[in-house]
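Inspection log for the structure reproduced underneath, given as structure tokens.
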Amino acid sequence: MKAKRSSLADQVYHDIKHMILSGELQGGDRIPEESLAEQFGVSRTPVREAVRRLDEFGLVRLKPRSYAEVITLSEAEVDHVMSVREELEGLAVRELAEKATDQDVQVLTALAEKCYRSLDEGNVAETFETDSRFHLKIAERSGNSILAELMERLDAKVQLVRLMRCSTPETINQNIHVHDKIIDAIAANDSAGAELIMREHIHPKGAV
């Protein structure tokens, strides 16, 4: 029974996260636990568990003895997120490119192609999710577990920045096309080139 409740909370977590990243729930909005429980056909317990997890990953802010709301990032916080991300992702892609295999390239290519499909279908939230998986997969396959863990912790805020700065299909399409250049550099084991492309992709141009 415990495993079942945990699985239910996981599903609710992903559903609420999707609502935030699709813009259905926006910065400053309260998380309506009661109505969400009714909408998902569950009790309030898995909703509360999901909200606590969203708080841990920085997508919502819990108000003591009160309610939870979707966080709003200030411009300064956005710059801080992107500066940290630039350093982490620059290191990740450099370490992967130094030793990348054909399988690494195939995995990343599949994710890049899924980004295009999701965008073509008009599913922005799934495009953002897949974009994140592309970048997190680079860190994972670099073999640096600490780096991968740090990037995963930062990912929720990175996705919020995407929602803030990358809101039109044209901008999203432009950004995900950079994946192809990153993959080409990784396939060529061009660590310096891959890092440069990644850093220019992230900061300071404002691309996400």
Quick check on the stretch 104-126. Is at least one of its residues touching a strand residue (DSSP E or B) at 6+ places or on another chain (Cβ under 8 Å), assigned to a loop (DSSP other than H, G, I, E, B) and surrounded by 15 or more Cβ atoms within 10 Å (Cβ to Cβ)? no
Scan the stretch 55-63 and tell me whether some residue there is touching a helix residue (DSSP H, G or I) at 6+ places or on another chain (Cβ under 7 Å) and of a type in the set (Asp, Glu). no
Among Arg141, Arg162, Arg153, the single one that is crowded, with 18+ Cβ neighbours inside 10 Å, of a type in the set (D, E, K, R) and within 13 Å of the chain's Cα centre (by Cα) is Arg162
Is at least one residue of the stretch 23-46 part of a helix (DSSP H, G or I) and within 21 Å of the chain's Cα centre (by Cα)?
no
For the stretch 121-133, pairs from a residue that is in the same structural domain as Asp155 (by TED's automatic domain parsing) and under 14 Å from Glu24 (Cα atoms) to a residue that is surrounded by 18 or more Cβ atoms within 10 Å (Cβ to Cβ) and small (Gly, Ala, Ser), with Cβ under 9 Å and 6 or more apart or across chains, are Val124/Ser118; Ala125/Ser118; Glu126/Ser118
Residue pairs qualifying under the 6 Å Cβ cut-off, at least six apart or on distinct chains, with the first in the stretch 72-83 being assigned to a helix (DSSP H, G or I) and the second being not hydrophobic (A, V, I, L, M, F, W, C), are Val81/Lys157; Met82/His203
Filter the stretch 48-62 for residues that are in contact with an Asp or Glu (Cβ under 7 Å, 6 or more places away or on another chain) and of a type in the set (D, E, K, R); the one that is nearest to Gln26 (Cα to Cα) is Arg61
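The values are calculated or read from the model by the stated rules, or taken from the named source; none is laboratory data. Given the structure is predicted, the values throughout are model-derived calculations rather than measurements. Glycine gets a Cβ as well: all are built from the backbone with ideal geometry, and neighbour counts include every protein chain shown.
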